[in-house]
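Encoded as structure tokens, the structure appears first; notes follow it.
The values are calculated or read from the model by the stated rules, or taken from the named source; none is laboratory data. A quick note: this is a predicted structure, and the numbers were derived from the prediction, not measured. Reconstructed Cβ throughout: ideal geometry from the backbone, glycine too, with neighbour counts over all protein chains shown.
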Amino acid sequence: MAKLLYSATASLDGYIAGPDGDMSWLTEHLVGENPTADRLLADTGALLVGNATFGGDDPNRGTDSEGAFGGQYHGPVVVLTHQPPAKQPDGVGFATDLSSAVAQAKDAAGDKYVNVLGANVAAQCIEAGLLDEVLMFFAPVLLGDGVRMFSRPRGTSVRLRPMSDEPVHWYRVVY
């Protein structure tokens with residue numbers, strides 16, 4: 001059965017997007033090989049995406065790399081939204097409640113991951129007790145403001161267990 005995994009790239013101060021959802025900061029950090037991201041792409045059977053993320057900024061907009069995983073993902077997408085569009089794009093399903101969205105995405109993913117994209121949907125999955133794993137990539141930058149990787153005002157503490165032996169990121173400050 002599919003597992004729900006929230007993955008994102010964040011700044012070291014915990015932002016996955018800049019102010020107003022700006023993703024342009026990420027472009028310079030998406031270069032080079034990333035074996036973990038490659039493995040994740042191969043193990044992803046569906047995306048569960050919030051409406052803001054689905055219609056939001058893309059650091060690769062207008063290039064061959066536009067879209068999830070630098071344009072390399074070509075599978076089912078389920079968008080959680082209160083207002084599904086009248087004309088739905090091919091390969092994209094829409095759901096108006098979390099449980100339906102998760103069920104659709106898990107069904108589409110088979111025994112692979114449902115990759116959750118978007119901080120709001122990830123927080124909803126945490127609150128509902130549905131999220132199985134979290135994979136964060138960190139870019140060596142401090143944004144100072146924007147969309148937090150998790151924003152759960154007055155939320156309860158959630159314990160996480162490391163899935164690897166080296167959860168260390170050590171950087172030199174560059175001015």
Test: Phe137 is surrounded by fewer than 21 Cβ atoms within 10 Å (Cβ to Cβ), among the aromatic types (Phe, Trp, Tyr) and within 13 Å of the chain's Cα centre (by Cα): yes
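Confirm whether Asp38 is at pLDDT 85 or above, charged (D, E, K, R) and not in a loop (DSSP other than H, G, I, E, B).
Working: at pLDDT 85 or above: yes; charged (D, E, K, R): yes; not in a loop (DSSP other than H, G, I, E, B): yes.
When the stated conditions are applied, Asp38 passes them.
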Residue within segment 57-68 that is in contact with a Ser or Thr (Cβ under 9 Å, 6 or more places away or on another chain), buried (at least 18 other Cβ atoms within 10 Å of the Cβ) and either in contact (Cβ under 8 Å) with a residue 40 or more places away in the chain or assigned to a helix (DSSP H, G or I) (or both) present: yes
Conditions (1) in a loop (DSSP other than H, G, I, E, B); (2) among the charged types (D, E, K, R); (3) modelled with pLDDT of 95 or more; number of the one not met by Asp90: (3)
Residue in segment 96-120 that is farthest from Arg148 (Cα to Cα), counting only those that are crowded, with 17+ Cβ neighbours inside 10 Å and at pLDDT below 95: Leu117
Qualifying residue in segment 78-85 (condition: modelled with pLDDT of 90 or more, among the hydroxyl-bearing types (Ser, Thr, Tyr) and in a loop (DSSP other than H, G, I, E, B)): yes
